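FYI, it's all coordinate maths here, none of it is from the lab. Keep in mind it's a predicted model, so treat the numbers as computed, not measured. As a convention, Cβ positions derive from the backbone with ideal geometry for all residues, glycine included, and neighbour counts pool all protein chains shown.
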C-alpha cells in the first residue's frame with residue numbers, strides 16, 4: 001500500500017492467514033550460532049532495520065488482536081513474518097529498558113536502574129558487535145542515553161534525543177513516598193488529552209522519520225559507488241508515549257463509541273501495595289477521571305499508534321524504493337507498554353501485562369510466518385542480531401543475559417520459555433522483580449506480599465494465586481529462584497549509593513552550568529552545510545549525479 005505523508009490514509013482489510021503455534025519449552029537454552037570469527041562473516045549478511053516505538057502495548061495493534069486498531073503496516077509485517085506473543089521489556093521504564101536492549105544485559109548487571117542512570121561507555125552494545133561484523137550502523141531517534149557517551153557504538157546518529165542526558169531525573173529511595181513534582185507523571189497529562197496540530201513529540205517523530213529515510217537513501221547511493229556493507233539501523237520514535245495528543249487526521253480515524261474502557265479496575269482498597277504506591281505517585285488515587293477523560297486519552301493513544309504505524313509504512317516503502325526490502329530483516333518492537341487505565345494504573349512502571357509486554361515482530365529473509373508463544377525479552381535481541389550477522393559467542397566482550405530468537409524466528413522449537421524483569425526506579429524503596437516462565441508470572445518486592453498470576457486462565461491478572469494451595473509448589477519454586485538469582489538487600493544498597501552520587505554530581509553540574517563553566521551531554525548531530533547539496537567544490541551536475549538514485553545509467557528502460 002502506498003504511504004502518504006501528512007494525510008489520512010485508508011485501506012481494505014486483508015484476510016488473515018492461519019498461524020502455527022510453537023509449543024513452549026521447559027529448560028534453559030543459551031545463545032548459540034555457527035562458530036565463526038568476525039573475519040569470515042558471510043558476504044550475504046542481511047540488513048537489519050529495527051523500528052522502535054515508545055510505550056506501545058501490543059494489545060493496541062491489529063496484529064495482536066485489537067478490534068479497531070488501524071495498523072495496516074505493522075499487521076502486514078506480522079502476516080509475512082513471526083509474531084512473538086510473550087515478549088517483555090526487562091524494565092518497564094524508558095532508559096533502563098533501552099540499555100538492556102542495547103547491551104543484552106539485565107539492568108542490575110550494568111547498574112542501569114532508572115531514567116537518570118548512566119549507560120557506561122565501557123558496556124559493549126549490539127552496535128559495537130555489528131560494526132565488527134562489517135555493518136554500517138545508525139541511530140535515528142530516541143534511545144535516552146544518559147552520560148557523555150551519546151553514540152554507544154553507532155557510527156552515525158542523525159538526530160538528537162528527545163529527553164535530557166544528565167542526572168536530573170534521579171529518584172530518591174530514602175524518600176520513596178514523596179511525590180516528585182518537577183518531572184514525574186500525574187493525571188493532568190490524561191486530563192489534557194485530545195487534539196493538536198503540533199506537539200514536541202510530533203515535531204520529533206517527523207524529524208526522526210525524515211532523517212532515517214534520508215540515511216537509507218544515502219546508504220543506497222553509497223552502494224552504487226561500491227560501498228556494499230550491510231546496514232543496521234534503529235529508527236526509534238517517541239509515539240505513542242504520553243502526552244496523549246494526536247493530530248486530527250489520526251484522531252479522526254476513530255470515534256468515541258468504538259473506544260473500549262479499561263476491563264479490570266480493582267477498588268482502591270483492593271490494590272496490591274506496589275500498585276497503590278504507583279497510584280499515589282501519579283496521583284491516580286487522589287485525582288478522579290471522568291469516563292470521558294479516560295476515553296479521550298485512550299482514543300488519542302490509539303490515534304498515535306496509527307501515527308507510529310504510518311512511520312513503519314514509510315520506512316518499509318523506503319526499503320522497497322532502494323531495492324533493499326528482500327535483503328532486510330525488519331523488527332518492530334517497543335521499550336515497554338502503557339496501562340491506559342487498566343487496573344486503575346496509567347503509564348508503565350509495573351509488571352502487569354499492559355506495562356511489561358512489548359510487541360515483537362520480525363519479517364524478512366529466513367524468517368518464517370507464524371506465531372511464537374515462548375516468553376522472551378529485549379535482552380534476547382543482541383544475540384539475535386549477532387546470529388543474523390554471522391557472529392559467534394567468542395566475540396562477546398561481557399556476559400549477556402539473553403539468547404538468540406532466531407530458532408523461533410525460523411519456526412523451530414526452542415526449549416527456553418522465560419523472561420526476567422527488574423524495576424528499580426520511582427515509587428518503590430526496594431527492587432521489584434519479575435519472572436515469567438511458561439504461563440506463570442511471579443512478582444516479588446521485599447516489603448510486599450508476592451504475586452503469582454496464571455496467564456493461561458487469567459490474562460487480566462485478576463486473581464493473585466501466590467497463596468492458592470493449587471499453586472503452592474510453583475510459588476515456592478519462584479520464591480526460591482528469586483532468593484537464588486538476586487540479593488535484594490545488596491542491590492538496594494547499591495541503588496541508593498548511585499542515587500546519592502548522581503544527585504551530588506547533578507547539583508555540581510547545575511552550579512557549573514549557571515556559571516557558564518560546563519557543557520551539557522545532550523547530543524548535537526553534526527552538520528556541515530559546506531558539504532551539502534550544490535557547493536563550489538564540485539560542478540552542479542556532479543552533485544546531481546551523486547544525489548540521484550537510482551543512477552541515471554541504472555534506471556530501467558522507459
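Once the Cα atoms are used to define both axes, helix 291-321 deviates from the longest principal axis of the chain by about 30 degrees. Inter-part distance, region 426-481 to region 495-549, computed on C-alpha centroids, equals 45 Å.
Normalised by residue count, region 169-237 yields a Cα convex hull volume of 145 Å³ per residue.
Could you give the length gained by full extension between residue 553 and residue 503, i.e. 0.36 nm per residue of separation minus their alpha carbon distance, to one decimal place?
Details: separation 50, 0.36 × 50 = 18.00 nm, distance 5.98 nm.
Full extension of this stretch gives 12.0 nm more.
Please give the Cα centre distance for region 219-256 versus region 126-149, rounded to the nearest Å. Cα centroid of region 219-256 versus Cα centroid of region 126-149: 17 Å apart. The candidate values are (i) 0.96; (ii) 1.43; (iii) 1.14; the one derived from this structure for Cα Rg over 2.2 N^0.38 Å carries the label (i). Take the alpha carbon atoms of region 339-383, find their center, do the same for region 77-92, and report the distance between the two centers in whole angstrom. Rounded to whole Å, the Cα centres lie 5 Å apart.
Using a 7 Å offset from Cα along Cα-Cβ at residue 493, what residues in region 104-120 end up with backbone N under 19 Å from the label point? The answer is 108-113.
Defining a contact as two alpha carbons under 8 Å apart and six or more residues distant in sequence, what relative contact order in percent does region 45-416 show? Don't jump to the answer; show the numbers that get you there.
Details: 779 pairs, mean separation 124.9, N = 372.
Result for region 45-416 is 34 percent.
What fraction of the DSSP beta bridges in the chain is antiparallel, stated in percent and rounded to the nearest 5? Present the calculation step by step, with values, prior to reporting the outcome.
Values: 23 of 51 bridges.
Of those bridges, close to 45 percent are antiparallel.
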